[in-house]
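Report on the structure given below.
Quick note: the coordinates plus some simple rules give every number you see, no bench work behind them. The structure presented is a predicted model; accordingly, all values stated were derived computationally and were not measured. Methodologically, a virtual Cβ is constructed for each residue, glycine included, from the backbone with ideal geometry; neighbour enumeration extends over all protein chains shown.
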Amino acid sequence: MLRTNLSTRPFYNERLVYAVLAAAVVLVLALTAFNGLRLVTLTREQAALAGTVRSAEARVRQFEERARHARARVDRKQLESVVVAAREANRLIDQRTFSWTDLLNRLERTLPGDVKIQSIKPVPDEQGGLDVVMVVLSRRPEDVELFADQLERSGGFRDMVSRAETATTEGLLEVTLQGRYVAELPSQPATGGEER
């Protein structure tokens, strides 16, 4: 038995078939038009971006040329003298920067109970170092010597010597100590409890 349809009109509803085919054709044409429109839009955007890139590259070349001219005009000797002057200024700033907190902490750790500090004066020298002159009060010279020895052993002072000794009306010994303060000075400006 044959199961194939040999009729001349295989579809009884030809209008539906034509409508589906027409809809498919319209859909394909719409998608083609949309793709064509997107292609045109993207091509324009690419051309605009390419123009922006060319403009940016031209500006980069322009700035590179200006930088090359600026470098060519720089006087090397003058630049070196500015660098040397800046180093000297930084060295002078470092000399004037002084940490009171560090100094007072060192003194507090080494100060014997029978010694009192009356005054402290940091004195920068011409070689970039820092001397400290202190006036201390004590009942016995041995306590002052112990204080000077402890300062040197702490690592913060060197060459502590007694410059002057006098007796006060209260019966105390007033001693002027001087020595090199070798604590590392900060490289940045002092803040808070520190002074310049």
Under the rule of at least 5 residues apart or a separate chain, name every residue whose amide H is placed under 5 Å from the amide H of Arg139. Leu173
Is any residue of the range 155-184 close enough, with backbone N under 17 Å, to a label point placed 7 angstrom from the Cα of Glu145 along the Cα-Cβ axis, and if so, which? 159-166, 173-178
Full-extension gain between Glu108 and Asp75, please, as 0.36 nm times their residue separation minus the C-alpha to C-alpha distance. 6.6 nm
Nearest-20 debye value, the range 12-73 charge dipole, Cβ charges on Lys, Arg, Asp, Glu: 640 debye
So for the range 12-73, taking the charge dipole from beta-carbon charges (+1 Lys/Arg, -1 Asp/Glu), which of Leu31, Val53, Ala72 sits furthest toward the positive end? Ala72
The simple spin-label model distance between Asp159 and Lys116, using points 7 Å out along Cα→Cβ, in nm, is 3.1 nm
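Mind running the shape call on the range 12-73? Use the C-alpha gyration tensor, a ≥ b ≥ c as the square roots of the eigenvalues: rounded below 1.5 for a/c, prolate if a/b tops b/c, oblate otherwise. Please list the in-between numbers first.
Working: a/c = 16.46, a/b = 12.33, b/c = 1.34.
In terms of gyration-tensor shape, prolate.
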